[in-house]
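The values are calculated or read from the model by the stated rules, or taken from the named source; none is laboratory data. Fair warning: this is a prediction, and the values are worked out from it, not measured in the lab. Glycine gets a Cβ as well: all are built from the backbone with ideal geometry, and neighbour counts include every protein chain shown. To get the accessible areas, we keep the full protein, side chains included, count just its heavy atoms, and leave off ligands, DNA and RNA. Shrake-Rupley method; radii C 1.70, N 1.55, O 1.52, S 1.80 Å.
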Amino acid sequence: MQSKPVEKLSDADLQDLLQEIRGGSLADRRAALRAFDWASGDLRKLGWSMAQKGVDLGTAMTVFLNGAPARYTHLRKDKVPPEARARCQVLDAIHHRAVSGFYLPDPELGIEDVFDAIAEWIARQEDDRAMGRVGRWVFDPALFTPITLKAVQADHDEDDDPTVVQDASVDRSIFSDGEKPRRVSLWRELLSPILG
């Protein structure tokens with residue numbers, strides 16, 4: 001039996017959703033996603049919202065883990081109960097975006113609030129690998145290791161290693177008047193030309 005895809009939003013639903021997304025701050029939208037009720041919420045709206053720019057890695061992983069993926073990760077796609085197929089499709093989409101780098105860590109908040117839950121998921125997937133099985137949603141642990149110049153420098157003593165970058169300061173002249181430089185992760189800095 002072939003699974004039924006998640007239904008597309010009607011034009012009226014899409015307009016309501018756009019209004020909902022445009023209203024409120026980015027922090028409000030992220031908080032709403034983190035609080036999404038997988039049991040009674042509209043999975044079509046969740047899927048669409050998770051595809052929008054501004055969803056950070058911490059929020060994406062919180063939403064993913066709130067969706068109870070452990071229940072379905074070892075089921076073959078054709079064995080997923082019909083009532084859970086839409087849920088698994090949304091989980092598939094979130095997973096795909098996460099592993100492809102669509103969701104980046106928030107440079108201010110990082111992923112600290114969900115890191116323990118992610119570490120537990122990674123540990124379970126490593127246990128699976130040791131037993132010779134692979135779940136439906138596998139994450140590379142490196143995805144959750146922040147790469148910043150500060151982290152790299154912490155591993156080296158400047159006096160002992162002459163190859164360490166001595167000055168990782170930001171050129172303040174690239175900012176317009178009145179705009180303060182933000183702490184930026186190396187990943188965000190490297191990918192900013194692509195992401196806009």
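Annotations
- Filtering region 25-74 to residues that are of a type in the set (Val, Ile, Thr) and within 24 Å of Asp128 (Cβ to Cβ) leaves Thr62, Val63, Thr73.
- With respect to the conditions (1) in contact with a Ser or Thr (Cβ under 9 Å, 6 or more places away or on another chain); (2) under 18 Å from Asp28 (Cα atoms), Gly47 falls short on a single one, namely (1).
- Leading residue by the ranking (most open to solvent (accessible area, probe 1.4 Å)) among those in region 94-118 that are in contact (Cβ under 8 Å) with a residue 12 or more places away in the chain and among the small types (Gly, Ala, Ser): Ala117
- In the set Ala98, Ala68, only one residue is at pLDDT 95 or above and in contact with a helix residue (DSSP H, G or I) (Cβ under 6 Å, 6 or more places away or on another chain); that residue is Ala98.
- Count - residues of region 56-79 that are within 20 Å of Ala39 (Cα to Cα), outside any helix (DSSP H, G or I) and not hydrophobic (A, V, I, L, M, F, W, C): 3
- Long-range neighbours under 6 Å by Cβ, at least six apart or interchain, first residue open to solvent by 70 Å² or more (accessible area, probe 1.4 Å) within region 72-91, second not aromatic (Phe, Trp, Tyr): His74/Gly135
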